[in-house]
Amino acid sequence: MNDKNNVLRPLLNTIEVRSNLDSHISSQLLMQLSDCSRNGRIKVFYSPVSVAIGYISWNTVNKESLRQLINFKQIPLYTYEWNEGHFKVIHDIAVLPLWRKHCWPLFRRFFKKQRFIIFLRRDRLNIWYRHHGKYKRILFN
């Protein structure tokens, strides 16, 4: 039972944050968040009083899936492709507006461990690479 709670808690927290933002959750996004929750690929950020204030979720893809993402701007279709490689592709970030400044240090701590940051935003692919402790954009199309 405890393992099931560990899987469900991040998913419930992400849904709570989304509902507090009055943000629509599509069935595809819910499926992705559910898969991320099962595989431990959601990081939920909490306020000092332990209320969920934001989250970040990602997929880990291999080189072939990354190539597909770069060339066609298409996230892998099958859920087994979301947990195959070493490249973290961020697919959803949400933070409550009043807590955005509070979340910056939490995001910095999370990203400090990442060599690449890859995400799609408004149908544009962004790839950032960490070099000597600072991130440089290497692809923006």
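Coordinate-derived values only; no laboratory data. Small disclaimer: the values here were computed from a predicted structure and weren't measured. Every residue, glycine among them, receives a Cβ derived from its backbone with ideal geometry; neighbour counts consider all protein chains shown.
Across the chain, C-alpha contacts under 8 Å between residues 6 or more apart give a mean separation that, scaled by the residue count, equals a relative contact order of 18 percent.
Taken over segment 2-140, the convex hull of the Cα atoms encloses 126 Å³ per residue. Rounded to 0.05, the FRET efficiency of the residue 28 and residue 132 pair, given R0 = 41 Å and the Cβ-Cβ distance, is 0.60. With both labels modelled 7 Å from their Cα along Cα-to-Cβ, the residue 109 to residue 20 distance reads 1.7 nm. Short-range pairs are left out: with C-alpha atoms under 8 Å and at least six residues apart, the relative contact order of segment 73-137 is 28 percent. Mind telling me which of 101, 73, 88 comes out most flexible in a GNM of the chain, alpha-carbon contacts under 10 Å? It is 101.
For segment 2-140, the number of Lys pairs separated by eight or more positions or lying on different chains, with C-alpha atoms closer than 16 Å, is 12. Once both labels are positioned 7 Å from their Cα atoms along Cα-to-Cβ, the gap between residue 72 and residue 100 label points is 3.5 nm. Toward the positive end of the charge dipole of the chain, with +1 on the Cβ of Lys and Arg and -1 on the Cβ of Asp and Glu, the farthest Cα among 26, 95, 138 is that of 138.
Using the Cβ of residue 89 as centre and a radius below 15 Å, the other residues enclosed give a net charge of +3, where K and R count +1 and D and E count -1.
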